[in-house]
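Here is the structure we will look at, set down as structure tokens.
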Amino acid sequence: MPEGRKWFDSSQPQTLQGAVMLCYITAAFGMLWLLLGTYPLFEIVPLGLGVAGFGVANEWRWAYGLGIALAALNILGDMGILALGAYSVLITLFFAVILFGLLVHPQSREYQRIWFK
């Protein structure tokens with residue numbers, strides 16, 4: 001990894017720090033489900049959140065936008081699964097909503113507007 005790249009930036013606001021951690025956790029579970037062979041097409045969004053989390057930790061503006069878009073898609077996908085009657089997705093939906101909320105929080109938006117490249 002090139003010099004200066006980081007997986008986590010403790011100087012960012014707590015909202016972005018929490019979002020980065022949730023992006024990584026979501027990506028880890030997405031990788032687990034992908035390895036187990038369940039719904040491989042649906043695991044693109046969680047794996048993309050891992051990329052977005054890395055980009056947010058490195059203060060890349062495109063990654064912030066990607067994170068918001070993928071978090072919204074993650075919510076929609078979980079709501080679609082919930083509509084089919086799979087109530088086991090409620091916990092996943094809960095964390096997806098928290099991730100989206102952390103990314104669009106005014107403190108996160110202000111920080112990325114000022115500091116992200």
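We did not get these values from a lab; they are worked out from the coordinates using the rules stated. Values in this document were obtained by computation on a predicted structure and should not be read as measured data. Glycine also receives a Cβ, built like all others from the backbone with ideal geometry; neighbour counts cover every protein chain displayed.
Observations on the structure shown:
- Helix-only [θ]222 nm of the chain, DSSP H runs n ≥ 4, -39500 (n - 2.57) each, per residue, nearest 500: -24500 deg cm²/dmol
- Here the contact order of the chain, divided by its residue count and restricted to Cα pairs under 8 Å and six or more residues apart, works out to 30 percent.
- The fraction of all Cα pairs in the chain landing in successive 10 Å bins from 0 to the largest distance is 15, 47, 28, 10, 1, given as whole percents.
- A simple spin-label model places the labels of Ser11 and Lys117 1.3 nm from each other, with each point 7 Å out along Cα-to-Cβ.
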